[in-house]
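The values are calculated or read from the model by the stated rules, or taken from the named source; none is laboratory data. Please read these numbers as outputs of a predicted model, since none were measured by experiment. Reconstructed Cβ throughout: ideal geometry from the backbone, glycine too, with neighbour counts over all protein chains shown. Ligands, DNA and RNA are excluded from the accessible area calculation, which covers all protein heavy atoms including side chains. Shrake-Rupley method; radii C 1.70, N 1.55, O 1.52, S 1.80 Å.
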Amino acid sequence: LFRSIVPDFIVNNDGGNIEVSLNNANIPELHVNKEFNDMLQNYQRQTQHTKQEREAITFIKDRIDSARWFIDAVKQRNNTLLATMRTIVRMQRDYFIEGDEALLKPLILKDIADATGYDISTISRVCNSKYAQTEFGILPLRFFFSESITNEEGEEVATRAIKNALLELV
């Protein structure tokens with residue numbers, strides 16, 4: 001069984017200006033139905049209401065409030081996703097320019113959490129099972145993370161760079 005991967009992010013390099021966007025191609029824009037808003041306003045303009053009308057007003061208001069809450073939650077999720085990916089791109093900019101894995105800097109979830117102000121568990125959820133379309137392929141967000149080892153000069157080197165160097169030697 002072959003499963004295709006649909007990227008969550010699209011990363012474009014326009015002459016060194018790297019842009020990040022969400023891949024919302026198949027997601028419709030969410031909004032509250034205007035007819036429900038109009039209906040609620042019409043009911044609220046009236047001064048006298050029957051018990052059934054008051055119940056209808058409460059029902060419609062609750063549904064509109066729920067829809068607005070959901071829309072706000074989706075917007076917040078999208079903002080969190082974008083802030084996280086933009087921070088990854090900023091911290092791994094050299095890779096996104098050149099596409100050379102050796103240019104990936106040591107990076108852990110805590111680094112992104114510290115830079116964005118989000119909790120590390122939020123960053124972990126954002127990076128789990130998410131993919132970015134780059135000019136170098138569709139890559140899992142976890143690809144951009146690597147522990148580090150300090151070399152003899154005191155510089156931190158990503159373990160991925162060390163593994164790649166070992167592979168070339170072997």
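For this structure, a couple of remarks:
- Candidate lysines for bridging to K110, where Cα separation is under 26 Å - those fewer than 8 sequence places away on the same chain excluded: K75, K130, K163
- The lysines within cross-link reach of K51, meaning a Cα-to-Cα straight distance under 27 Å and a gap of 8 or more places when in the same chain, are K34, K61.
- Overall dimensions of the range 51-107 as given by Cα atoms, namely Rg and Dmax in Å: 22.2, 70
- Angle between the chain longest axis and helix 159-169 axis [Cα atoms, degrees, rounded to 10]: 40 degrees
- Cα Rg, Dmax (largest Cα-Cα span) when computed across the range 1-76, Å: 20.9, 65
- Comparing Cα centroids, the range 1-39 and the range 50-83 end up 21 angstrom apart.
- Cβ-placed point charges (K, R +1; D, E -1), dipole of the chain about Cα centre in debye, nearest 20: 1040 debye
- Summing charges over all other residues whose Cβ lies under 15 Å from the Cβ of E35, with Lys and Arg as +1 and Asp and Glu as -1, gives +2.
- Loop-resident GluC sites (Glu not before Pro) (DSSP state other than H, G, I, E or B) in the range 1-79 with no more than 14 further Cβ atoms inside 10 Å of their Cβ: E29.
- A Förster radius of 45 Å, combined with the Cβ-Cβ distance separating M39 from S129, puts the computed FRET efficiency at roughly 0.65.
- Helix-only mean residue ellipticity at 222 nm for the chain, each DSSP H run of n ≥ 4 adding -39500 (n - 2.57), per residue, nearest 500: -16500 deg cm²/dmol
- Sequence-distant aspartates and glutamates (8 or more away, or on other chains) whose Cα lies within less than 18 Å of K105: D94, D114, E147, E152, E153, E155, E156
- Largest first, the three principal axis extents of the alpha carbons in the range 86-125 are 30, 15, 14 Å in whole numbers.
- Distribution of pairwise C-alpha distances over the range 3-142, 5 Å bins, in %: 2, 9, 15, 16, 13, 10, 7, 7, 6, 6, 5, 3, 1, 1, 0
- Accessible surface for the range 1-51, divided over its residues, is 84 Å² per residue with a 1.4 Å probe.
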